[in-house]
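Colleague: After the structure tokens below, expect a handful of questions from me.
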Amino acid sequence: MEVIVYSSNGCGFCTKQKKFLKEKGIVFEEREVNTNEQYFQEFEELGGLGVPLTIVKEAGETVSTIIGFNREE
């Protein structure tokens with residue numbers, strides 16, 4: 001399983017999402033959309049309207065897209 005969190009500096013919900021994942025022992029890659037043009041383009045292609053945007057992949061295929069901070073998802 002691969003988890004990617006698209007985030008931005010100063011985003012309180014992004015901080016909560018990353019903290020929650022760490023507490024659950026979930027390894028993730030953070031991609032800051034406000035400091036990296038490539039990550040921003042990926043974010044837009046995924047239909048991102050706001051951060052955090054969390055993508056869960058299995059075997060290279062996206063199995064879940066979570067918009068915002070959502071403990072249940």
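Colleague: Pop out the ³J(HN,Hα) list for the range 28-38 in order, Karplus 6.51 cos²θ - 1.76 cosθ + 1.60 with θ = phi - 60°, rounded to Hz; leave Gly and Pro as x.
Modeller: With coefficients 6.51, -1.76 and 1.60, one gets 9, 9, 9, 10, 7, 6, 8, 10, 9, 4, 4 Hz.
Colleague: For the chain, state the semi-axes of the equivalent ellipsoid (square roots of 5 times the eigenvalues of the alpha-carbon gyration tensor), sorted largest first and rounded to whole angstrom.
Modeller: Numbers: eigenvalues 57, 48, 23 Å².
For the chain, the ellipsoid semi-axes come out as 17, 15, 11 Å.
Colleague: For Cα pairs less than 8 Å apart in space and 6+ apart in sequence, what is the mean separation divided by the residue count of the chain, i.e. the relative contact order in percent?
Modeller: So the answer I get is 40 percent.
Colleague: Given R₀ = 35 Å, FRET efficiency for residue 26-residue 49 by Cβ-Cβ distance, to 0.05? Spell out each step's value before the answer.
Modeller: Details: r = 23 Å, r/R0 = 0.67.
Efficiency for this residue pair is about 0.90.
Colleague: Moving on to the next point. Within 13 Å, Cβ to Cβ, of residue 2, how many net charges do the neighbouring residues add up to if Lys/Arg are +1 and Asp/Glu are -1? Intermediate values should be presented prior to the final figure.
Modeller: Working: positive: 31, 57; negative: 29, 30, 58, 61.
Summing Lys/Arg as +1 and Asp/Glu as -1 gives -2.
Colleague: To the nearest 0.05, how large is the calculated FRET efficiency for residue 72 and residue 34 if R₀ is 25 Å and r is the Cβ-Cβ distance?
Modeller: Details: r = 27 Å, r/R0 = 1.08.
So the FRET efficiency works out to roughly 0.40.
Colleague: Determine the dipole magnitude for the chain: charges of +1 sit on the beta-carbon of Lys and Arg, -1 on that of Asp and Glu, nothing else is charged, the reference point is the Cα centre, and the result goes in debye to the nearest 20. Could you put the intermediate results ahead of the total?
Modeller: Values: 8 positive and 13 negative charges, 94 e Å.
Dipole magnitude for the chain comes out near 460 debye.
Colleague: Counting Lys +1, Arg +1, Asp -1, Glu -1, what net charge surrounds residue 40 among other residues with beta carbon under 12 Å of its beta carbon?
Modeller: Values: positive: 31; negative: 32, 37, 42, 44, 45.
Counting the neighbours of residue 40, the net charge comes to -4.
Colleague: Once R0 is set to 25 Å, what does the formula 1/(1 + (r/R0)^6) return for the Cβ-Cβ distance between residue 64 and residue 19, expressed as a FRET efficiency to the nearest 0.05? Each step should come with its number before you reach the end.
Modeller: Details: r = 19 Å, r/R0 = 0.77.
With R0 = 25 Å, the Cβ-Cβ based efficiency is 0.85.
Colleague: Count the DSSP beta bridges whose two residues both fall in the chain, then state the antiparallel fraction as a percent rounded to the nearest 5.
Modeller: Numbers: 11 of 15 bridges.
Of those bridges, close to 75 percent are antiparallel.
Colleague: Quick one: pull the percent of accessible area on the chain belonging to carbon and sulfur, 1.4 Å probe, ligands and nucleic acids left out. Working shown, then result.
Modeller: On the way: 2260 of 4770 Å².
Here carbon and sulfur together make up 47 percent of the probe-accessible area.
Colleague: Before I look further, what does the chain give for accessible area per residue, probe 1.4 Å, in whole square angstrom? Mind showing how you got there, number by number?
Modeller: Numbers: 4770 Å² over 73 residues.
Ligands and nucleic acids excluded, the result is 65 Å² per residue.
Colleague: Expected output is a single nm value to one decimal: the length gained when fully extending between residue 2 and residue 41, i.e. 0.36 nm times separation in residues minus the C-alpha distance. What is it? All intermediate terms of the calculation are to be shown ahead of the outcome.
Modeller: Details: separation 39, 0.36 × 39 = 14.04 nm, distance 1.94 nm.
Stretched out fully, the residue 2 to residue 41 stretch lengthens by 12.1 nm.
Colleague: Using each residue's phi in the range 41-47, evaluate 6.51 cos²θ - 1.76 cosθ + 1.60 at θ = phi - 60° and report the 3J(HN,Hα) Karplus result to the nearest Hz, with x for Gly and Pro.
Modeller: Running phi through 6.51 cos²θ - 1.76 cosθ + 1.60 with θ = phi - 60° gives 5, 4, 4, 5, 5, 7, x Hz.
Colleague: Output wanted: per-residue J couplings in Hz (rounded whole) for the range 62-73, from phi through Karplus 6.51 cos²θ - 1.76 cosθ + 1.60, θ = phi - 60°, x for Gly and Pro.
Modeller: Karplus-based 3J(HN,Hα) across the range 62-73 equals 5, 10, 7, 10, 10, 9, x, 9, 9, 4, 5, 7 Hz.
The values are calculated or read from the model by the stated rules, or taken from the named source; none is laboratory data. Keep in mind it's a predicted model, so treat the numbers as computed, not measured. Positions of Cβ are backbone-derived with ideal geometry, glycine not excepted, and every protein chain shown enters the neighbour counts. Quick note on the areas: whole protein, heavy atoms, side chains included, nothing else; ligands and nucleic acids left out. Shrake-Rupley method; radii C 1.70, N 1.55, O 1.52, S 1.80 Å.
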